1. Can you tell me which of (1) touching a residue at least 40 places away in the same chain (Cβ under 8 Å); (2) within 14 Å of another protein chain (Cβ to nearest Cβ) is the one A:ILE266 doesn't meet?
2. Looking at region B:35-61, which of its residues are part of a loop (DSSP other than H, G, I, E, B) and more than 12 Å from every other protein chain (Cβ to nearest Cβ)?
3. Among the residues that make up region A:327-341, is at least one of them within 14 Å of another protein chain (Cβ to nearest Cβ), surrounded by 15 or more Cβ atoms within 10 Å (Cβ to Cβ) and within 27 Å of the chain's Cα centre (by Cα)?
4. Is there a residue being outside any helix (DSSP H, G or I) and within 14 Å of chain B (Cβ to nearest Cβ) anywhere in region A:210-220?
5. Determine, yes or no, whether A:VAL185 is away from chain B (no Cβ under 12 Å), surrounded by fewer than 23 Cβ atoms within 10 Å (Cβ to Cβ), β-branched (Val, Ile, Thr) and over 23 Å from A:ALA319 (Cα atoms).
6. Could you give me the residue pairs with C-beta distances under 6 Å whose first residue belongs to region B:434-449 and is in the same structural domain as B:VAL469 (by TED's automatic domain parsing), whose second residue is of a type in the set (Gly, Ala, Ser) and assigned to a helix (DSSP H, G or I) wherever it lies, and which are 6+ apart or on separate chains?
7. From the list A:TYR360, A:TYR366, which residue is within 24 Å of B:ARG82 (Cα to Cα), hydroxyl-bearing (Ser, Thr, Tyr) and part of a loop (DSSP other than H, G, I, E, B)?
Amino acid sequence: MHRPIHELTDAYRRGDLTPTAVAETYLARIDALDGRVGAYLTVVREQALAAARESELRWRAGAPLGPLDGAPVALKDVLCTVGVRTTCGSKMLESFVPPYDATTVERLRAAGAVILGKTNMDEFAMGSSTEHSAFHPTRNPWDLTRVPGGSSGGSAAAVAGALAAGAFGSDTGGSIRQPAAFCGVVGLKPTYGRVSRYGLIALASSLDQIGPFAQDVTDAALLLGAVAGHDRRDSTSIQAPVPDYSAELRKGIAGLTLGLPDEYFIDGMDPDVERAVRGAIEVLKGLGARIERVSLPTTKHSLAAYYVILPAEASSNLARYDGVKFGLRVPGRDLVEMESRTRAVGFGAEVKRRIMLGTYALSAGYYDAYYGKAQSVRTLVRREFAAAFARVDLIVAPTTPNVAFKHGEKEDPLSMYLNDVFTIPGNLAGIPGVSVPCGFGATGLPIGLQLLGRPLDEARVLRAAYAYEQATSWRSRRPDLA
Amino acid sequence: MTAPAPYDVVIGLEVHAQLLTRSKMFCGCPTTFGARPNSQTCPVCQGMPGVLPVVNRRAVEFGIRTALALGCRVNEACRFARKHYYYPDMPKNYQISQYEEPLAEDGVLEIDIDGGPRAIGIQRLHLEEDVGKLLHEGTLETAQASLVDFNRSGVPLMETVSRPELRSPEEAAAYLRAFRAVVVFLGVCDGNMEEGSLRCDANVSLRPRGSARLGTKVEIKNLNSFRNVQRALEFEVRRQAQALDAGERIVQETRLWEADRAYTRSMRSKEYAHDYRYFPEPDLVPLQIDRRWVEEIRTGLPELPRAWRRRVVAQYGLPPYDAEVLTQSRALADYYEAALREWEPAAAAAGDRPKMVSNWIMSELLRVLPGDDERAIQSSPIPPRHLAGLLRLIEDGTISGKIAKDVFQKMFASGEAAPTIVGREGLTQVADEAALSQIIASVMAANPKAIEDFKRGRTAAAKALVGQVMKATGGKANPALVNRLLEDKLSQT
């Protein structure tokens, strides 16, 4: 029954399936299997069933709200949902119930989507394995001893494990694309500003972007279309019309030029990954694309710049969690003690590490050497991509240097950070990128192909991903949780 | 106060003005003062997780209007920045302000002091958000709990920083008065220091007379009235002079003015100064200021208080004191000119009228109105037209000045025009010689002693007789006519 949203809604239209039956099936699967996967932090059974029943009435009346009406989706617990606790994977917000919906959530509800629940994540979206949730780790449905990637690991595992038809996550340095690659699903990070960040609990405001996880590219296009577009509550959201992504999908890629960056094939990467990606490039050539080598030499500095900008912005964004207004409060003899204790207890080790790094990077006398310098690197990265995109339409690369690793395997933060080396440049440049399944490693774990595009060129990114997906059959392989 | 003998005083002021926008700086919440705690808040001004700021266009417009009035350069692009420090009245633990790229820079504010006018440089003008308010149960020292009211959180603030060009506490106070007049006149701030809509911090240092090098500066906070600005600075100048005289070094620090105890006390020294960790606010894009918009705002600028005063003094011969009082608000100044024009459209030929109008406004209207601000003036039951109508009746002798004051009270109570009241109540002066002669005769007959006194040379007795006549006519007799007729009669006896 786990099938893409566009197939579900086709079945609703024909009357072969009902949103209620589908929601019930997913909720039953969550009950039965999520204890082993740990994709969810909160399941909103009653709300989901109520939404499904309303959807069913609309379908029965022949007046659905659109192609997502009745689609059961999961939301990373970084997106605020009115009346439903939103933890951000942190003890700090364990009991925080937002009084408002994120714009993305609002738009999904308006499109008739059925929200199943909130998915697990690394605390405050800091991490690449979903091991750093304050509540429990999430496991990779392909191999429960392995991580699903992160920080949106819960959303990726939910879609891969048939615990949701689609999902949303956030991507600050690869947090959608990397778990999508690890879990063998499609994950899209849109252009910075394409999707409103209003109601997305901020990690690094200048890098964060919301995007979908999907079983196939067609769904990714539908999900993006439902949430993209300007929002006057987010000044950084772009005022540009939203194309009909679905209509663009079938245009093919004959005549497109794809850039292959030298810097994205590095020493120490998993040979299976390189093989799979090079294989995918052959497929794309076969579909009529031209491949051209491009150079993005600043890639090697991206990680360093990212780990200055991100902690700096995070240290600022996380300053509000002090026990005064909402979330956790640990009492103390006076205000300072209460605030210190609250932050000492409420934040995990990785969050504290980044707050300290960021506080240092912004302090007087160090700003220019760290934050200022990192912003200069960012400008260079952006220029390099712009120069490359003057010659090529898309850039193809691996999403990650390796496949999903084992729980506890990367205890050294630096080796964890290196996992995002191919995804971070896209965030620094603010460009759209998708990860689409392109094979399996020797251990049977999925591998992701990354396609990066020009700003606001999601349509072409999705078009190429779709062409590749249709030419291959990777998506027919499914993890078996039962 | 002049500077202590061997020192020059150097003062710079930072003035925070709450802008009179209907909604807050970065959200749509109302800005009304005095509402029930936390009733004017939303997720944005409470700093909830996931919220984003959106710039209030009106606040930017008010900032530009002030910047233009102060002759500042409005930057083509400006940027918001985050200023970090932990304080529970600030929900995000950072304040969205402006740092390296303010809205406007390099202006001038002219002040009038004893030695004549002086131009004080404005370094910068920028926009930011106000913080909430803490309410302590008991005193700050003994409070067991504190409550936070976020109604004020996010109210637009405009910070204007002067250059360190003020040379005395008096000049500082004059600067603040001039600044208040400008923002109130522009309608961007109500200038109410008691309610905190205008706040001031001062930087003050002393240096050996004639020296070019600035001394160590001390920042003084909590200056919440014109008087306190001057008193606090006078205290601080004395304190620093005594310290320097004693060979001590001035410590760079922030001091708090304690108005009740009339002294400044140390709040924090430089070592404990906040590191605000400014960085550009990533949730807001840099603000591009459209030149045409700036020019539109420039075109719409009203005449500023100083120019207004200069003009009315020259044009109407009004005393500078009157002009000063009338520029307490734009509405009041407008009221004055409207009343004068109503009475005498050709203002140049107005004669005594300009002074008469200002007298009546200062001694009668402002006495009965609840204030001199926009709201008070506009809600006046006596519009300028009615005041002019009343003065016209005095001028043409229809009523006496004394009766006019009663009529004024009635106009204020009923909102009616003067002629309506005078007509209905028969308050017209008795200017009929025959009728008055008869009354005078009967008053004289009833007061033989007064006549005897007058004959013995006591002229005051005549005044008593005038009073009797006025009393007999219910105050309606034309006083000049009574005088003349009485003199005639007395000389005949």
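The values are calculated or read from the model by the stated rules, or taken from the named source; none is laboratory data. This is a predicted model, so every value here is computed, not measured. Note that we place each Cβ from the backbone using ideal geometry, even for glycine, and neighbour counts take in every protein chain shown.
1. Here A:ILE266 clears every test but (2).
2. Selection gives B:ALA35, B:ARG36, B:PRO37, B:SER39, B:GLN40.
3. There is at least one residue in region A:327-341 that is within 14 Å of another protein chain (Cβ to nearest Cβ), surrounded by 15 or more Cβ atoms within 10 Å (Cβ to Cβ) and within 27 Å of the chain's Cα centre (by Cα).
4. yes
5. Considered against the rule, which asks whether it is away from chain B (no Cβ under 12 Å), surrounded by fewer than 23 Cβ atoms within 10 Å (Cβ to Cβ), β-branched (Val, Ile, Thr) and over 23 Å from A:ALA319 (Cα atoms), A:VAL185 comes out as no.
6. Sorted first by the residue in region B:434-449, then by its partner, the pairs are B:ILE439/B:ALA472.
7. That would be A:TYR366, the only listed residue that is within 24 Å of B:ARG82 (Cα to Cα), hydroxyl-bearing (Ser, Thr, Tyr) and part of a loop (DSSP other than H, G, I, E, B).
Yes/no matrix, rows are residues, columns are (1) at pLDDT 95 or above; (2) touching a Pro at 6+ places or on another chain (Cβ under 7 Å); (3) not assigned by TED's automatic domain parsing to the domain that holds B:ASN151:
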position	(1), (2), (3)
B:PHE62	yes, no, no
B:ALA81	yes, yes, no
B:PRO88	no, no, no
B:LYS133	no, no, no
